[in-house]
Amino acid sequence: MPAAAKARSKPKAPNPLLARWSTAFAIPPFEKFTPADFRAAFATALKEHKAEVSAIARQASRPSFANTIAALEKSGRDLNRVSGVFFNLSGAHTSPELQEIERELAPQLAAHDSAIMLNGKLYARIEDLYKRRDKLKLSDEQRRVLELTHTWFVRAGAKLKPKAKARVAEINGRLATLSTQFAQNVLKDEQDWRMVLDHERDLAGLPDSLKAAAVRAANDAGLKGKYVITLARSSVEPFLQFSSRRDLREQAFNAWIKRGELGGKTDNRKILAEIVELRAELAKLLGFETYADYSLDDTMARTPSAVRDLLHAVWPAAVKRAAQECEALQERAKAEGGNFKIAPWDWRFYAEKERKALYDVDEGATRPYFSLDSVIAAAFDTAGKLFGLKFKALADVPRYHPDVRVWEVTDTRGGHVGIFMGDYFARPSKRSGAWMSAFRSQAKVAGDVRPIIVNVMNFAQGEEGEPTLLSLDDARTLFHEFGHGLHGLLSDVTYPSISGTSVARDFVELPSQLYEHWLTVPDVLQRFAVHHRTGKPMPASLMKRLKKAHNFNQGFATVEYVASALVDMELHGLKEADDLDVSEFERDTLERLGMPQEIVMRHRTPHFLHIIGGYAAGYYSYLWSEVMDADAFAAFQEAGDPFHKPTARKLKKMIYSAGNMRDPLKAYVAFRGRPPAIEGMLKKRGLVH
């Protein structure tokens, strides 16, 4: 037989994404995957899932929890597996090939989801069970899953007439395409812009840590001997904070805030306008006045008026505080010979000087005490004290990038809890921001599935051979995302649809924001805030000054956040969105609110990725959860011990391990004994005394 014929007759190798993974802990064997594998794996997995769902919907037997709800929970395992790998890579380590596949997949996956959620026969089975739920002898968890499933199908349009269903599916497909393009446009703008610093005068004011990061960025860009500032937050924000070159600060700031509105192929303004218009139409089809009404209907807040009440309760005090801060910064600039009005690109620079003058605290003095390794160790130690977890570094396991670190997580008895991955450094293939995600979520409906959780950051990596040093804000971000990570790792539920962080959007930030509190617990700082060279702990005097400076610049921070949340609410509160000019809408809304000219929204609309993802009419969630996190940490303070074991056990049982087994308010009350009070949050931000 000729060699060519032999080659043709050779059995085709199985797709590595669908094959059994024999790696330790069944971690995805990333090195085996190619872009072509994803195309083929998605095609197979979608076909399989479609067949599984069709079989559930068409079966002749009377609906039962087992043959309908549990069967749905068990279905789509290959699709979930392939999606888990693909979408984590598309966010944390993408490529032009993966982005092309992502654009192709977006409408396909939307059509697949719509076909399931709008399946009349399937919904009829779910509705039958829902009506008989009091007679089915379900466990509390089963009843919760049934009720949530019914809610999700109704909210997706399962009760609509055929013509309306068809339009809903059409809108979902178009929204998926637009959202994917929006996110890729933001990443492209971030990848394409860089500020090259050629001369010593360009480096004026920059600390050694930022210079080192700029050298690394220049080397990565093939510009050896230069310094490069990028639009990674870990690069541009410190530059705005320390550079004494006002002209360069203005350039960097304008590039940062104009992502997504630079004109050309990556301009997001028309894309966002169409998204808002389609969402408004979708809401009406589903029986809601606005998309904000629709989005909030299954959250803790419930209504746009409840969200606006919270935001407007904070806004006046934040604006007043910011005005006082601005006045102080203006005086400082004037004293240093600055004959100009404070502009947005000046705020961080003079705020750093003001903090140093008021509290004798500056980032240059604190960074040496917050090495990345020390902060990770502090986060792990805190999890050990609160929840009995241990973390063992794994060297010889697959990882999707050399920088990724991997740990096995075990409990007090040495039992396997899950795998935790940390991807900490900025790179061009990673979108900006910080997030937690899962390659595999915990569940028990089809065997004991243990989670693989990842935290993704964008810290500026230290020089070769030198540790990466973090700002206090960076350290808080690490604790925040690790709080999300624990929510995924500690999950102890049966059904994947309610696992880990699959909770109401305005509840999901509670475990993360609550965990931030432990970073600045005195015992944690004393043990882990140690100088990276000398190993000596942070001096008690510096700790005291840090504590005094805790609420410094909170007017600014609150204004930039709340402005974004209010614009989000107003944008999705539109009843009609025809011919929407998003830039004009943003400008008019901020003017109506009395937005200080010296401050810009934390996320301007053309690059507001939160509201393109899962936070549409939902950016308020961080503040809503902050009301709870301040109140929840007070439970430990009232007990007189930040690691009070009975309180920690209750926190784990009711919040961190419970997934979506309970209504979120009931879950909070089960932990705290009462609903949360707003006063703790206002005090935490220094907006009341």
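The values are calculated or read from the model by the stated rules, or taken from the named source; none is laboratory data. The structure displayed is predicted, hence computed values, not measured ones. All Cβ positions, even for glycine, are placed from backbone atoms using ideal geometry, and neighbour counts span all protein chains on display. Ligands, DNA and RNA are excluded from the accessible area calculation, which covers all protein heavy atoms including side chains. Shrake-Rupley method; radii C 1.70, N 1.55, O 1.52, S 1.80 Å.
If you count only protein heavy atoms and use a 1.4 Å probe, how large is the accessible surface of Met300, to the nearest 10 Å²?
It works out to around 40 Å².
At 7 Å along the Cα-to-beta-carbon direction for both His401 and Ser244, put a label point, then send me their distance in nm to one decimal.
Distance between the two pseudo-spin positions: 3.5 nm.
With all protein chains present and a 1.4 Å probe, how do Asp629, Asp578, Asp474 order by accessible area, largest first?
Working: Asp629 0, Asp578 95, Asp474 35 Å².
The ranking, largest first, comes out as Asp578, Asp474, Asp629.
Take the residue pairs Lys131/Lys652; Lys356/Lys684; Lys47/Lys159 and return only those whose Cα atoms are more than 23 Å apart.
Lys131/Lys652; Lys47/Lys159
Run down the aspartates and glutamates and flag those whose C-alpha is under 17 Å from the C-alpha of Lys650, throwing out any fewer than 8 positions away in its chain.
Asp411, Asp492, Asp629, Asp631, Glu638, Asp641, Asp663
Considering only protein heavy atoms, with the full assembly of protein chains and a 1.4 angstrom probe, order Asp298, Asp579 by accessible area, largest first. Present the calculation step by step, with values, prior to reporting the outcome.
Working: Asp298 60, Asp579 150 Å².
If we order Asp298, Asp579 from most to least accessible, we get Asp579, Asp298.
Give me the extension gain from Trp152 to Asp360: residue separation times 0.36 nm, minus the current Cα-Cα distance, reported in nm with one decimal.
69.6 nm
Give the label of the value calculated from the structure for log10 I(q)/I(0) by the Debye sum over Cα atoms at q = 0.05, 0.09, 0.11 Å⁻¹, choosing from (1) -0.24, -0.83, -1.29; (2) -0.26, -0.79, -1.11; (3) -0.30, -0.87, -1.19.
Among (1) -0.24, -0.83, -1.29; (2) -0.26, -0.79, -1.11; (3) -0.30, -0.87, -1.19, the one derived from this structure is (1).
Cross-link candidates for Lys226: which lysines have Cα within less than 17 Å, leaving aside residues fewer than 8 places away along the same chain?
List returned: Lys211.
What's the FRET efficiency of Phe643 with Lys163 using the Cβ-Cβ distance as r and R₀ = 41 Å, to the nearest 0.05?
On the way: r = 59 Å, r/R0 = 1.43.
Between Phe643 and Lys163 the formula returns 0.10.
So what is log10(I(q)/I(0)) for the range 150-300 at q = 0.08 1/Å, when the Debye sum runs over its Cα atoms only?
Values returned for q = 0.08 Å⁻¹ are -0.40.
For the range 115-204, report the translational diffusion coefficient in µm²/s to the nearest whole number, using Stokes-Einstein at 37 °C, 0.692 mPa s, and a Kirkwood Rh over Cα pairs.
Answer from the Stokes-Einstein relation: 191 µm²/s.
Suppose accessible area is computed on protein heavy atoms with a 1.4 Å probe; arrange Arg685, Arg649 from highest to lowest.
Working: Arg685 30, Arg649 150 Å².
Largest accessible area first, the residues go Arg649, Arg685.
Given the options Ala19, Gly91, Asn67, identify the residue whose Cα lies farthest towards the positive end of the charge dipole of the range 12-115 (+1 on Cβ of Lys, Arg; -1 on Cβ of Asp, Glu).
Ranked along the dipole, the leading option is Asn67.
Would you please put 64-72, 562-570 in order of how densely packed they are, using the mean number of other Cβ atoms within 10 angstrom per residue and starting with the highest?
The packing order, highest mean first, is 562-570, 64-72.
Please state the charge dipole magnitude for the chain, taken about the Cα centre, from unit charges on C-beta atoms (+1 on K and R, -1 on D and E), reported in debye and rounded to the nearest 20.
Charge dipole, the chain, about its Cα centre: 2400 debye, nearest 20.
At 1.4 Å probe size, what's the solvent-accessible area of Arg348? Round to the nearest 10 Å².
Probe radius 1.4 Å; accessible area of Arg348 about 40 Å².
Counting only the heavy atoms of the protein chains, how much of Leu285 is accessible to a 1.4 Å probe, in Å² to the nearest 10?
Accessible area of Leu285: about 50 Å².
Among 529-535, 418-424, how do they line up from the highest to the lowest mean number of other beta-carbon atoms within 10 Å?
In descending order of packing, they fall as 418-424, 529-535.
Could you tell me whether the range 251-341 comes out rounded, prolate or oblate from its Cα gyration tensor? Rule is a ≥ b ≥ c as square roots of the eigenvalues, rounded for a/c under 1.5, then prolate if a/b exceeds b/c, otherwise oblate. Present the calculation step by step, with values, prior to reporting the outcome.
Values: a/c = 5.19, a/b = 1.54, b/c = 3.37.
Cα axes put the range 251-341 in the oblate bin.
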